[in-house]
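Right, one structure below, let's go through it.
The values are calculated or read from the model by the stated rules, or taken from the named source; none is laboratory data. Since the structure is predicted, the reported quantities are computational estimates derived from the model, not experimental observations. For neighbour counting, all protein chains shown are included, and Cβ atoms are generated from backbone atoms with ideal geometry for every residue, glycine included.
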Amino acid sequence: MTRESGVSTWHQIHRYAYIARPFDDVWTAVAGSPSMLVDQSAGGGGKRLRLHARLAGIDVARPVLVDVGGLVNHGDRAVLGLTWWDQGRRNLFPVMEAVLELVPVDYRGWPVTQVGLVGRYRPPFGAFGNAIDCVAGAQIVAESVTWFVAEVARRLEAALPVPEALEAALVEEIVPVDVELAAWPHVFLPVEGLSHRIGGAAAAREHLAAVPGVHHVGIDPIAAMAVVDYDPERCNPDDFVAVLDADADADAAWA
């Protein structure tokens, strides 16, 4: 958006967290009770939430009102629109418009769901707010969005039972069978910044899978590690590193 005199520009942000719960369980739970994502009803159809951030070592908490839309399942992901604004000082704190995304990123058979927020916010104080945002406001927004996504992930994980197969695997330290039985050579690659990389683990997996000669990609978002099964006659690990580096460069340019 172009800057006009006295008007704030919109700033983009995205953050991601990951939970060891099946996608179908997660999106079904949210569809049945979207209010589980926030604290409590604030009347008038709105919801109340306290956002937290740390600035210069000091915890900053602000009450905000949240409008939560309905969940739509597109098959490969489920999305829910939301907007929040400061409850007491709407003109003094950023307004956020965002989409909450739920995406399956199962790792080698273990259920994992990516919880992401992709949105934009408008700094307060008109055009002057854009200058403020460059200094401290951006940090507060980034911290509060990171906190919000982590809190949503925590609520979902607490509300949904651990799948029996996963619970047994954690106790017995079972390794996913296809890691041992993969027909193709595979390579392990670190994938940094999955909490803020554009598209999160889902996008990184998609981009790696698009390399000619790749047969399967698994990303463990908890360990920040990718496992790529590939045909060595058609591609090699340098190709995968180049893809991940290009994603990181795009993320830095976007930010």
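A single member of Pro123, Pro94 is over 17 Å from Phe148 (Cβ atoms), in contact with a strand residue (DSSP E or B) (Cβ under 8 Å, 6 or more places away or on another chain) and at pLDDT below 75, and it is Pro123. When residues of region 148-159 are filtered for being surrounded by fewer than 18 Cβ atoms within 10 Å (Cβ to Cβ) and of a type outside the set (D, E, K, R), how many remain? Adding up the residues that qualify gives 3.
For Gly81, state whether it is modelled with pLDDT of 85 or more, out of contact with any strand residue (DSSP E or B) (no Cβ under 7 Å at 6 or more places or on another chain) and in the same structural domain as Ile140 (by TED's automatic domain parsing). Criteria not met by Gly81. Of the residues making up region 1-48, those that are modelled with pLDDT under 55 and in a strand (DSSP E or B) number 4. Only residues that are surrounded by fewer than 19 Cβ atoms within 10 Å (Cβ to Cβ) and aliphatic (A, V, I, L, M) were counted in region 204-231, giving 7. Residues in region 207-242 that are under 20 Å from the mean Cα position of the chain (by Cα) and not small (Gly, Ala, Ser): His207, Leu208, Val217, Ile219, Asp220, Pro221, Ile222, Met225. I'd like to check something: does region 226-242 contain any residue that is outside the structural domain of Leu117 (by TED's automatic domain parsing), assigned to a strand (DSSP E or B), modelled with pLDDT of 90 or more and under 16 Å from Gln114 (Cα atoms)? Yes, region 226-242 has at least one match.
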